[in-house]
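The values are calculated or read from the model by the stated rules, or taken from the named source; none is laboratory data. As the structure is a computational prediction, the values presented were derived from the model and not from experiment. Don't worry about glycine lacking a Cβ; one is built from the backbone with ideal geometry, like all the others, and counts go over all protein chains shown. These area figures cover heavy atoms from the full protein model, side chains too; ligands, DNA and RNA do not enter into them. Shrake-Rupley method; radii C 1.70, N 1.55, O 1.52, S 1.80 Å.
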Amino acid sequence: MLKPKVISQVLAQVTTGTVTAAILMNSSGSLLAFSAATDEEATTYAAIAANIWTGYSRAGDTVAEKAITTNNAYNKHDLVGKGQLNTIIVDCENGTLLITPISHMLLCLVGNPESNLGILIAKLQALRRHLSDPLEKVSEYSF
Amino acid sequence: MPLEKLMEAACKPYIGTDIEATIITDKDGIVVSKWTSTSNLDAILERFPSTFAVYSNQASASKLGLGRNRHILSAYEAHQILQIDVAPLIVTVVGTGEANTGILLETGAKIEKIAQAIVQALPQQDTRTQPNPT
């Protein structure tokens, strides 16, 4: 069985240095586990990150469908669509938000303005690798 | 030098390996200037500027608490799409899926400077009420 408390502890391991929050959520933005300064902050990040993810995912789907219809053929070059979105980086004046999928869920990291993009991506990928296997096992029950 | 040539010059070291297209549009996706190495990217270049306008605005104006949104980079299997807010314009840089993200960001910064020059040349919108001539 999946223990949310343990996932929170794993997420807490990356919220050091310039990383201020790590959040695991479903695609509609509902929280599964998080490590952040406040509950409110985590809820807000999750809601907005999920919304941005859905929007860009849909845009990719639309482009892929249009490309396949126009070319009347499946072209690797136009593979922007379904299931193909790997990462989104939202860079703001006071911080950076990274979003990536794990199984049917989304993982979001937030860095402060001093954070380097490279370390944020490295932490995101490390978390993704670490959590993907156990989350894959429960994905059939999820959401 | 025409805008398209300036944009091509900014991408030149990475054409064919990392960068595939750059486009400057307004928030509705109306093209101001466009350079592309292939015609296959038209669907991306039409759809993504308006997507960015919506979500960039949401990230900036919402309770995200991270200040104004500067750029959004979306990495797909076959393409990476960098979009930069140069209000009221949007810069979009399309790279290959395997492209170096740092190169994309560097090229984006060069195109951003071109877009800023266009913004400075645009007439400022006067929102003051005009006096009644009568």
Worksheet item: Restricting attention to the range B:85-94, does a residue exist that is crowded, with 16+ Cβ neighbours inside 10 Å, closer than 22 Å to A:Trp53 by Cβ, within 9 Å of chain A (Cβ to nearest Cβ) and in contact with a strand residue (DSSP E or B) (Cβ under 9 Å, 6 or more places away or on another chain)?
Response: no
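Residues B:Glu112, B:Glu98: which one is within 12 Å of chain A (Cβ to nearest Cβ), open to solvent by 10 Å² or more (accessible area, probe 1.4 Å) and not β-branched (Val, Ile, Thr)? Please lay out each step first, then the result.
On the way: B:Glu112 fails: within 12 Å of chain A (Cβ to nearest Cβ).
One residue alone meets the criteria, B:Glu98.
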Fill in: In the range A:1-59, the residues that are touching a Ser or Thr at 6+ places or on another chain (Cβ under 8 Å), in a strand (DSSP E or B), farther than 13 Å from A:Gly111 by Cα and in contact (Cβ under 8 Å) with a residue 60 or more places away in the chain
A:Asn26
Discussion item. Against the conditions (1) out of contact with any Ser or Thr (no Cβ under 7 Å at 6 or more places or on another chain); (2) of a type in the set (Gly, Ala, Ser); (3) facing chain A (nearest Cβ under 7 Å), where does B:Ala75 fall short? Just the number, please.
Written reply: (1)
Fill in: Search result, residues across the range B:45-77 that are surrounded by 19 or more Cβ atoms within 10 Å (Cβ to Cβ) and assigned to a loop (DSSP other than H, G, I, E, B)
B:Leu64, B:Leu66
